[in-house]
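Shown next, in structure tokens, is the structure this report addresses.
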Amino acid sequence: MFARLAPILAALLMTSSSVMAADPAPSALVTPMTPDFVPSYDPIRPDADFIKRVEMVPMRDGVKLYTVIIMKKGTKGGPILLSRTPYDAKAGTDRTRSQTAREVLPAMDAEFIEDGYIRVYQDIRGLHNSEGVFVMTRPIVGPLNTTGIDEATDAYDTIDWLVKHTPESNGKVGVIGSSYLGFTTLMAEINPHPALKAAAPQSPMVDTWIGDDDFHNGAFRVPTIDYVVGQSVAKASGAAIPHGVGDDYSRYLEAGSAGDYMRRYGVDQVPSNRKLVENPAYTDFWSLQAVDKWMGAQAVTVPTLLVVGQWDQEDSYGAPAVFRAMKAHDTHNQVFLAIGPWRHSGVNHYGSSLGALTFTGDTALEFRVKYLKPFFDHYLKDGPDPHLSTAITYATGINQWEGSPKWPMGAPQKLYLHDGFTASFEAPSHEAGGHDDYVSDPAKPVPFLPRPVNMADGAQWKTWLVRDQRFVSDRPDVLSYTTAPLTKPLHIMGAPEADLFAATSGTDSDFVVKLIDVYPNTSPEAGEAMVMAGYELPIGIEIYRARYVYAKDQPAALIPGKVEEYRFGLPNVDHVFLPGHRLMVQVQSSLFPLYDRNPQTFVANIFNAKPSDYQKATQSIFHTEAAASGIILPVVGQ
């Protein structure tokens, strides 16, 4: 048998040998004990439609910053669009393992990268893969920073390097970014590089004591503690406070003060947390860091499109504040403001809905295509003038984009609170009026979301500002004043302003004011449309810490029983209250655990309040001729 098989085996061996010889020979045959390790793998394959470069860009002090440059293959004469980030440039430019640029980059980049833009992301100094020392929202060089280095100088040096080392570019640079990246975008405009031709700061962190991130009118925002830890430890490598899972309401209530919470988990010595605890008032520590003041102190040289979401749950204050500061000396009409129907950074994602609200199409994509990209095209690619209106806003209620020659557009008209928990545009008469009382108990603070609260849950956090307020409307420590149903539309364009006349039996207090659109308690059809029947939609919510009513930089005890006037702005909006809807104003004294509890007993520093300091207090809201509480609305078309 073997004699008969020999010729066949020989033929097979010859064939096998010839096949093996035709294939590339491995460096060594693997064995069962060959180590299963390779030093690297390049996920960008030859068929990828883009080029990716990673550079360590030198700054003037020798520190090098990790920088990712991405462009479509064949790009020539493309403008550079730069974002400087604390959130990991490497991860942000490799969102999916794909061979197409529009998939590896964030969704907002698609229209730009496909049109020949060169997209650049850079880790700011001290974070992720960049060298140097990290300082949270590093102040500009001046009284608070004598190093000679700030985010403005780093942006200048980065732009200078990019235009000299990116041969595919046309030498023109734009900067863009949201939240912390909105802050670094604004920094690039301070003493800007000549190649910087346009900027789009989105939801920028501007004044984190007045109305962005850390505090709102002196009331501390508790999630800041966790954010600080995540950004401050090991170059933002993902450290988290080990508080487990469960209801945040119970967790923070049991901890005590915000300072007690820090001390409980050993994060009280993290420098950024110490800065918060040691500077609870609006002293020079905060006021000299206010970016709107920086921007208002110099001429406008870079065309700027400021963007914010109407329901921005993190940085609603900054963009309008910078717009006001810059517009005051905008001699060439180069400063624009856009307000869309979005949550924080919503302009860069999908804008067809927000919570229970639905819009007519993807409003974020519409804005990017119709306004944002034409703005950059004009200044970076010599494209046609898009003739942007000074203010570009989305009118919620009627769901349409509007262009306005100024902002705010509305004229002030006061909605007054009245007896019987009613509200109207008629002022209280001399004969009528009084006050309404409620007991505010720090042991049972009003939640800002239905319990259980999980602020790490994006579904809760990103939409809390449009959450139906019926979940608190019947609480005895929440006062609700409602108008009669409207007989015609009421259009507001600007920032409503709370004007509250109040007294307390305590020596300190917080006051929260909400402007609400109450939908008719009917539905044209069953099913999903019923979700909005009777819905109490917040149009604006804001808080004020009463200890600062006399001076923001010098807290003082309130005089029990004395009526004080509290005036503070709500977020900027473009909204139409439709016929059949009603306006509601809610007043309360806590919004927990988003904001720390006020002990209602004056203490030097609320971060260090003791359990015995937290006391019930009776709050009185006045609506008389002499003390006429209400909300001043920016009304148009009346």
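The values are calculated or read from the model by the stated rules, or taken from the named source; none is laboratory data. In this text the structure is predicted, and so the values were computed from the model without any measurement. Positions of Cβ are backbone-derived with ideal geometry, glycine not excepted, and every protein chain shown enters the neighbour counts.
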Next item on the list: Kindly list the number of the only condition in (1) over 26 Å from Val576 (Cβ atoms); (2) more than 30 Å from the chain's Cα centre (by Cα) that fails for Pro442.
Entry: (2)
Next item on the list: Kindly establish whether Ser509 is more than 21 Å from Arg597 (Cβ to Cβ), in the same structural domain as Phe425 (by TED's automatic domain parsing) and touching a helix residue (DSSP H, G or I) at 6+ places or on another chain (Cβ under 6 Å).
Entry: no
Note to self: All but one of (1) surrounded by fewer than 17 Cβ atoms within 10 Å (Cβ to Cβ); (2) more than 17 Å from the chain's Cα centre (by Cα) hold for Tyr371; state the number of the condition that does not hold.
What the structure shows: (1)
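Among the candidates Val563, Val587, Val603, Val576, which residue alone is among the aliphatic types (A, V, I, L, M) and in contact with a helix residue (DSSP H, G or I) (Cβ under 7 Å, 6 or more places away or on another chain)?
Numbers: Val563 fails: in contact with a helix residue (DSSP H, G or I) (Cβ under 7 Å, 6 or more places away or on another chain); Val587 fails: in contact with a helix residue (DSSP H, G or I) (Cβ under 7 Å, 6 or more places away or on another chain); Val576 fails: in contact with a helix residue (DSSP H, G or I) (Cβ under 7 Å, 6 or more places away or on another chain).
It is Val603.
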Next item on the list: Kindly indicate the residue of segment 199-213 that is surrounded by 23 or more Cβ atoms within 10 Å (Cβ to Cβ) and in contact with a His (Cβ under 9 Å, 6 or more places away or on another chain) and also farthest from Val307 (Cα to Cα) among those meeting that condition.
Entry: Trp209
Item checked: Residues (at pLDDT 95 or above and hydroxyl-bearing (Ser, Thr, Tyr)) located in segment 417-441 -> Thr422, Ser424, Tyr438, Ser440
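Counting only residues that are of a type in the set (D, E, K, R) and part of a loop (DSSP other than H, G, I, E, B), which one in segment 416-439 is farthest from the chain's Cα centre (by Cα)? Spell out how you get there, then give the answer.
Going through segment 416-439, the residues of a type in the set (D, E, K, R) turn out to be 419, 426, 431, 436-437.
Now narrow it down to the ones that are part of a loop (DSSP other than H, G, I, E, B): 426, 431.
On the way: Glu426: 36, Glu431: 46 Å.
Here the answer is Glu431.
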Notebook entry, point to check: Restricting segment 66-91 to residues that are aliphatic (A, V, I, L, M) and closer than 14 Å to Ala236 by Cβ, which is modelled with the highest pLDDT?
Noted result: Ala89
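Quick one: would you say Asn598 is surrounded by fewer than 22 Cβ atoms within 10 Å (Cβ to Cβ), outside the structural domain of Arg274 (by TED's automatic domain parsing) and either at pLDDT below 95 or among the polar types (S, T, N, Q) (or both)? Give the derivation first.
Values: surrounded by fewer than 22 Cβ atoms within 10 Å (Cβ to Cβ): no; outside the structural domain of Arg274 (by TED's automatic domain parsing): yes; either at pLDDT below 95 or among the polar types (S, T, N, Q) (or both): yes.
So Asn598 fails the test.
Within segment 416-431, restricting attention to residues that are touching a residue at least 40 places away in the same chain (Cβ under 8 Å), among the hydrophobic types (A, V, I, L, M, F, W, C) and surrounded by fewer than 17 Cβ atoms within 10 Å (Cβ to Cβ), which residue is nearest to Thr304 (Cα to Cα)? First the steps, then the outcome.
As a first pass, look at segment 416-431 and keep what is touching a residue at least 40 places away in the same chain (Cβ under 8 Å): 416-419, 421-424, 427-430.
Retained after the next criterion (residues that are among the hydrophobic types (A, V, I, L, M, F, W, C)): 417, 421, 423, 427.
Applying the additional criterion that residues be surrounded by fewer than 17 Cβ atoms within 10 Å (Cβ to Cβ) yields 421, 427.
Values: Phe421: 44, Ala427: 41 Å.
It comes out as Ala427.
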Note to self: Exactly one condition in (1) assigned to a strand (DSSP E or B); (2) touching an Asp or Glu at 6+ places or on another chain (Cβ under 6 Å) is false for Asn598; which is it?
What the structure shows: (1)
Next item on the list: Determine whether segment 111-128 contains at least one residue that is surrounded by fewer than 22 Cβ atoms within 10 Å (Cβ to Cβ), of a type in the set (S, T, N, Q) and more than 30 Å from Ile541 (Cβ to Cβ).
Entry: no
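The rows are residues; the columns are (1) of a type in the set (D, E, K, R); (2) crowded, with 16+ Cβ neighbours inside 10 Å.
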position: Tyr261; (1), (2): no, yes
position: Gly266; (1), (2): no, no
position: Gln269; (1), (2): no, no
position: Lys275; (1), (2): yes, no
position: Asn279; (1), (2): no, yes
position: Tyr282; (1), (2): no, yes
position: Gln289; (1), (2): no, yes
position: Asp292; (1), (2): yes, yes
position: Gly296; (1), (2): no, yes
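Each row is one residue, and each column tells you yes or no for (1) under 27 Å from the mean Cα position of the chain (by Cα); (2) closer than 29 Å to Gly434 by Cβ.
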{"site": "Arg582", "(1), (2)": "no, yes"}
{"site": "Gln586", "(1), (2)": "yes, yes"}
{"site": "Thr601", "(1), (2)": "no, yes"}
{"site": "Ile606", "(1), (2)": "yes, no"}
{"site": "Gln615", "(1), (2)": "no, yes"}
{"site": "Thr624", "(1), (2)": "no, yes"}
{"site": "Ala627", "(1), (2)": "no, yes"}
{"site": "Gly630", "(1), (2)": "no, yes"}
{"site": "Val635", "(1), (2)": "yes, yes"}
Checklist line | Test: Gln615 is surrounded by fewer than 21 Cβ atoms within 10 Å (Cβ to Cβ) and at pLDDT below 95 | finding: no
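Looking at segment 100-112, can you tell me whether even one residue there is touching a Leu at 6+ places or on another chain (Cβ under 7 Å) and either at pLDDT below 95 or within 17 Å of Phe50 (Cβ to Cβ) (or both)? Can you show your working first?
As a first pass, look at segment 100-112 and keep what is touching a Leu at 6+ places or on another chain (Cβ under 7 Å): 112.
The next check asks that each one be either at pLDDT below 95 or within 17 Å of Phe50 (Cβ to Cβ) (or both); those that pass are 112.
Yes - at least one qualifying residue is present in segment 100-112.
Looking at this structure, is Val267 in contact (Cβ under 8 Å) with a residue 40 or more places away in the chain and not in a helix (DSSP H, G or I)?
For Val267, the condition - in contact (Cβ under 8 Å) with a residue 40 or more places away in the chain and not in a helix (DSSP H, G or I) - is met.
Output the residue which, of all residues in segment 168-185 that are among the hydroxyl-bearing types (Ser, Thr, Tyr) and assigned to a strand (DSSP E or B), is surrounded by the fewest Cβ atoms within 10 Å (Cβ to Cβ).
Filtering segment 168-185 down to residues among the hydroxyl-bearing types (Ser, Thr, Tyr) leaves 169, 178-180, 184-185.
With the extra rule that they be assigned to a strand (DSSP E or B), the set shrinks to 169, 178.
On the way: Ser169: 24, Ser178: 29.
Residue satisfying both the conditions and the ranking: Ser169.
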